[in-house]
Amino acid sequence: MILYNVTTSLDPEIADQWVAYMRDTHMPDVMATGFFLKSQLCRLLNEEDNGITYAAQYYCVSLEQLEEYQQLAAPALRDEIEKHFGGRYASFRTMLEVVD
């Protein structure tokens, strides 16, 4: 199992709007691509510099499946977030192997 984690630090003024967009639009759109089995949105508790930070997490079966998502679906979905919140957030992405 692969965990795709997108960590985003936000301008506090847009935090509520961003969370609503993620829950109502972006995360359902990501799940609708069919590449992921489940998703969740977490808020970091150890925030610094008066920022607000969230981690959107998506689980998929294989690294190949994640790479296919990144090539086929991710660019358009990232463009949509940029249209709504451009310049008011910073994100970084990590890929992790779930080891149980």
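Surface composition of the chain: carbon and sulfur atoms hold 48% of the protein heavy-atom accessible area at a 1.4 Å probe. Could you tell me which GluC sites (Glu not before Pro) in the range 7-100 are loop residues by DSSP with no more than 15 other beta carbons within 10 angstrom of their beta carbon? Passing sites in the range 7-100 are E47, E48.
The charge dipole of the chain, taken about its Cα centre with unit charges on the Cβ atoms of Lys, Arg (+1), Asp and Glu (-1) only, comes to about 140 debye. Remark: the S39-T94 segment gains 18.3 nm on full extension, using 0.36 nm per residue and subtracting the alpha carbon distance. The modelled label-to-label distance between N5 and L77, using points 7 Å beyond Cα along the C-beta direction, is 1.8 nm.
Taken per residue, the accessible surface of the chain reaches 62 Å², heavy atoms only and a 1.4 Å probe. Estimated from helical segments only, the mean residue ellipticity of the chain at 222 nm is -10000 deg cm²/dmol, where each DSSP H run of four or more residues counts as -39500 (n - 2.57).
Between beta-carbons, use under 14 Å as the cut-off and find the net charge around L63, counting Lys and Arg +1, Asp and Glu -1.
-3
The values are calculated or read from the model by the stated rules, or taken from the named source; none is laboratory data. Please read all numbers here as calculations on a predicted model, not as lab measurements. Using ideal geometry, Cβ is built from the backbone for each residue, glycine included, and neighbour counts are taken over all protein chains shown. Ligands, DNA and RNA are excluded from the accessible area calculation, which covers all protein heavy atoms including side chains. Shrake-Rupley method; radii C 1.70, N 1.55, O 1.52, S 1.80 Å.
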